[in-house]
1. Any idea how many residues of the stretch B:71-90 are over 21 Å from A:Ala153 (Cα atoms), more than 10 Å from chain A (Cβ to nearest Cβ) and not in a loop (DSSP other than H, G, I, E, B)?
2. Of the conditions (1) assigned to a strand (DSSP E or B); (2) surrounded by fewer than 16 Cβ atoms within 10 Å (Cβ to Cβ), A:Glu41 fails just one. Which one is it?
3. Please count how many residues of the stretch A:144-164 are crowded, with 17+ Cβ neighbours inside 10 Å, under 19 Å from A:His103 (Cα atoms) and more than 10 Å from chain B (Cβ to nearest Cβ).
4. Hey, any hits in the stretch B:46-62 for a residue that's among the small types (Gly, Ala, Ser) and more than 14 Å from chain A (Cβ to nearest Cβ)?
5. Testing A:Met15 on (1) assigned to a strand (DSSP E or B); (2) surrounded by fewer than 17 Cβ atoms within 10 Å (Cβ to Cβ); (3) of a type outside the set (Ser, Thr, Tyr); (4) modelled with pLDDT under 95, one condition comes back false. Which one is that?
6. When you scan the stretch A:76-86, do you find a residue that is closer than 16 Å to A:Gln22 by Cβ, more than 9 Å from every other protein chain (Cβ to nearest Cβ) and not in a loop (DSSP other than H, G, I, E, B), even just one?
7. Going residue by residue through the stretch B:29-40, is there one that turns out to be closer than 19 Å to A:Trp139 by Cα and within 10 Å of the chain's Cα centre (by Cα)?
8. Could you list all residues from the stretch B:71-90 that are surrounded by 15 or more Cβ atoms within 10 Å (Cβ to Cβ) and more than 15 Å from B:Arg19 (Cα to Cα)?
Amino acid sequence: MKSHSFRRLPVADTMDIKITVQAQDFDPGAEIKWLERDTSEDGALVTFIGKVRDHNQGEQVAHLYLEHYAGMAERSLQQIAEQAKQRWQIGKIRIIHRVGELHVDDNIVFVGVTSAHRQDAFYASQMIMDYLKTEAPFWKKEQTAAGSRWVTANQNDQNEAQKW
Amino acid sequence: MATGAAKQDIRVLFFAQFREQLGCDQLALASTDVTDIASIKHTLAKRGDMWQQVFTNSSLLVAVNQQMVQDNIVIKPGDEIAFFPPVTGG
């Protein structure tokens, strides 16, 4: 667990870390352009996009609703990105997480990382996703034929996050 | 946001299934009534059966001023406390 800290974090857009929590969709091409700007020394750019799939835990999913804790969500993503930067040689990090009602095939999350070396970019993007899934305050509620249900946390996600 | 909460109060927020089960997304507690997270849980659990159920749930997570913490954290006037289930974003 993190320590009880009152350190003020920068508004979620420092020069090389950009965090957004938004209802609207994102354009991966535009995000890649932002990642490429002023990172000519970086030979690697890794992106991950998480999407709404049509099934979960044995049920067809029609759509889902993503709830978040405004303020803490952005702050938590910023801290995760800062941890990745401390650990690997990273140029820029972009994280976008969507909230509200989302449908099958919709984008949920975007993570983009640039680095001089591909290994750092792969590791950092994977660590960011593993930490995001276990620390960032977002919750999914699924709508299935049987009704709506809150998604329960996955032990496997906890195990993945602990590997770092 | 905090409906009628005075500055010296502690603002308490609830999210996801806990918000739904309690039928409440936030409330204010007088800072004189509570000392730490454990005492807030104890106070809130007395509000009714559903409150008892939520605040004795072992998966309940808590954040103080938007940082996850443990139960022994001391609370100060003006703090923002949030209770929520394990996160499921991404």
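The values are calculated or read from the model by the stated rules, or taken from the named source; none is laboratory data. Every value quoted in this text rests on a predicted model; they were computed, and no experiment measured them. So basically every Cβ, Gly included, is an ideal-geometry build from the backbone, and we count neighbours across all protein chains shown.
1. So the answer is 1.
2. For A:Glu41, the failing item is (1).
3. Of the residues in the stretch A:144-164, 1 are crowded, with 17+ Cβ neighbours inside 10 Å, under 19 Å from A:His103 (Cα atoms) and more than 10 Å from chain B (Cβ to nearest Cβ).
4. Going residue by residue through the stretch B:46-62, those that are among the small types (Gly, Ala, Ser) are B:48, B:58-59.
Keeping just the survivors that are more than 14 Å from chain A (Cβ to nearest Cβ) gives B:48.
Checked the stretch B:46-62: at least one residue is among the small types (Gly, Ala, Ser) and more than 14 Å from chain A (Cβ to nearest Cβ).
5. (1)
6. Initially, the stretch A:76-86 is screened for residues closer than 16 Å to A:Gln22 by Cβ, giving A:76-78.
This time we only want the ones that are more than 9 Å from every other protein chain (Cβ to nearest Cβ), so: A:77-78.
Then keep just the ones that are not in a loop (DSSP other than H, G, I, E, B); that gives A:77-78.
Checked against the condition, which is being closer than 16 Å to A:Gln22 by Cβ, more than 9 Å from every other protein chain (Cβ to nearest Cβ) and not in a loop (DSSP other than H, G, I, E, B), the stretch A:76-86 yields at least one hit.
7. Our first condition is that a residue be closer than 19 Å to A:Trp139 by Cα; within the stretch B:29-40, this holds for none.
Within the stretch B:29-40, not a single residue is closer than 19 Å to A:Trp139 by Cα and within 10 Å of the chain's Cα centre (by Cα).
8. Within the stretch B:71-90, the first condition is being surrounded by 15 or more Cβ atoms within 10 Å (Cβ to Cβ), and the residues that meet it are B:73, B:75, B:79-90.
Within the stretch B:71-90, B:Ile73, B:Ile75, B:Asp79, B:Glu80, B:Thr88, B:Gly89, B:Gly90 meet the criteria.
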